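Throughout, read-outs are computed from the coordinates displayed, never taken from laboratory work. Source: prediction; values computed, not measured. Here Cβ is always computed from backbone atoms with ideal geometry, including for glycine, and neighbour counts include all displayed protein chains.
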Amino acid sequence: MEQLFLMPGEERCERFKDGNGIPRVHYSYRSMHGAFFDCESRSLEEAQRLCEDWLVGQDRCYRN
């Protein structure tokens, strides 16, 4: 995944199988503030939940 091509608010998901043949998801997201989130997970739902948890922490950084 090339993070430079994600616009603010854009997400990407790529499904693949790991070395043991287990299905995995590579998920990337660029926040509206330009911060980049990237993870590998067992499912898209799990990756999105992890991203949402990360976004909550990011929101705290931008509050005045």
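Worth a mention:
- Local net charge near residue 24, Cβ-Cβ under 14 Å (Lys/Arg +1, Asp/Glu -1): -3
- A simple rule links phi to the HN-Hα coupling: the Karplus curve 6.51 cos²θ - 1.76 cosθ + 1.60 with θ = phi - 60°, which for the stretch 42-53 gives 7, 8, 4, 4, 5, 4, 5, 5, 4, 5, 4, 4 Hz, with x for Gly and Pro.
- Sequence-distant residues sharing a close amide H with residue 24 (under 5 Å, placed H): 16, 17, 18
- Extended-chain gain in nm, criterion 0.36 nm per residue less alpha-carbon gap, residue 5 and residue 20: 2.4 nm
- Net charge of the neighbourhood of residue 41, taken over other residues with C-beta under 14 Å away and scored Lys/Arg +1, Asp/Glu -1, is -3.
- Residue exposure sequence - 55, 6 - by fewest surrounding Cβ within 10 Å: 55, 6
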